[in-house]
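Data first, discussion second: the structure below is written as structure tokens.
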Amino acid sequence: MQIIAHRGASGEFPENTLLAIKHAIQQEADAIEIDVFAVDEQLVVIHDHHLERTTNGRGSIYQYSLDQLQQLDAGLGQSIPTLWQVLTLIQPSNLWLNIELKGANTVQPLIRLLKQAELELNFNCNRLLVSSFNHHLLTELAQFRPDIKLGALTANLPLGYAAFASEFNAYALHCDISFIDQAFVADAKARNLKVYVYTVDKIDDIKRMKQYGVDGIFTNYPARSRQRVI
């Protein structure tokens, strides 16, 4: 069962910052999960479009330019990183990256950035999984980059179980720990979908996910959760 660092090692360091990602790499996470919005046609790594929870800014990211956003403090003196900075940081490692598309108009900037990363960083997009609750964004991405693996996010237990993920040829199903059950996992596996569950930090939940046979868990504490999986 893989350990996916949820917004980096966010239980110990400011979420979605380069510091949290660096520590997740040091803690030997199998993957990093981050969230992106588009500002000035660039992708910035932040979970909320309102700034108050994770930075010293106020209001929406859409009220700021990219330069202004990067002047804010995202915790412990960290700035809001760009996706390019994250790709550059993780490139020497062997882990894979899950990019969650949070905002509208994120697909085309992502396509441009991945092309640049492939050319300039020799980035291997096989190490990439792109997910979203907005499945329209995923189908748009698939039209332009059918090689990119897609993760179908859900925060409920659909009547058709994992059927919705098969509709757009998703690679993985990303499920809320509050709703996942053995039947949901079994249906996803029957459809050849990977199953990743968020957010899993408690030891009883970790044990239950292992019993269900899920492929990975999103956790805020990669090192601690790794010890509990063993």
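We did not get these values from a lab; they are worked out from the coordinates using the rules stated. On a predicted model such as this, the values are computed, not experimentally measured, just so you know. A quick note on method: Cβ atoms are made from the backbone with ideal geometry, for glycine too, and the neighbour counts reach across all protein chains shown.
Here are a few things to note about the model shown:
- Positions within the stretch 179-230 being within 16 Å of Pro158 (Cβ to Cβ) and crowded, with 23+ Cβ neighbours inside 10 Å, in sequence order: Ile180, Val185, Ala188, Val195, Val197
- Enumeration of residues in the stretch 172-211 that are among the charged types (D, E, K, R) and assigned to a loop (DSSP other than H, G, I, E, B): Asp181, Arg191, Asp201, Lys202
- Tabulated pairs, the stretch 158-187, first within 14 Å of Val214 (Cβ to Cβ), second surrounded by fewer than 18 Cβ atoms within 10 Å (Cβ to Cβ) and of a type in the set (S, T, N, Q), C-beta under 7 angstrom, 6+ apart or interchain: Phe179/Asn156
- Considered as a group, the residues in the stretch 15-64 that are of a type in the set (Gly, Ala, Ser) and over 22 Å from Ser131 (Cα atoms) include one that is surrounded by the most Cβ atoms within 10 Å (Cβ to Cβ), and that residue is Gly57.
- Any hit, the stretch 132-143, residues being within 26 Å of Phe179 (Cβ to Cβ), free of Cβ contacts under 8 Å to residues at least 40 places away in the same chain and touching an Asp or Glu at 6+ places or on another chain (Cβ under 7 Å): yes
- Test set (1) of a type outside the set (Asp, Glu); (2) in contact with a helix residue (DSSP H, G or I) (Cβ under 7 Å, 6 or more places away or on another chain); (3) on the phi < 0 side of the Ramachandran plot - His50 fails condition number: (2)
- Residue ID - surrounded by the most Cβ atoms within 10 Å (Cβ to Cβ), chosen from residues in the stretch 88-110 that are over 21 Å from Ser60 (Cα atoms) and not aliphatic (A, V, I, L, M): Asn98
- Scan of the stretch 133-153 for residues that are more than 15 Å from the chain's Cα centre (by Cα) and in a helix (DSSP H, G or I), ordered by number: His136, Thr139, Glu140, Leu141, Ala142, Gln143, Phe144
- When Asn156, Asn169 are checked against the criterion of being in a loop (DSSP other than H, G, I, E, B), touching a Leu at 6+ places or on another chain (Cβ under 9 Å) and not β-branched (Val, Ile, Thr), Asn169 stands alone in meeting it.
- Some residue of the stretch 111-125 being crowded, with 16+ Cβ neighbours inside 10 Å, among the small types (Gly, Ala, Ser), in contact with a Lys or Arg (Cβ under 9 Å, 6 or more places away or on another chain) and assigned to a helix (DSSP H, G or I): no
- Residue count for the stretch 65-86, restricted to those that are surrounded by fewer than 20 Cβ atoms within 10 Å (Cβ to Cβ) and not hydroxyl-bearing (Ser, Thr, Tyr): 13.
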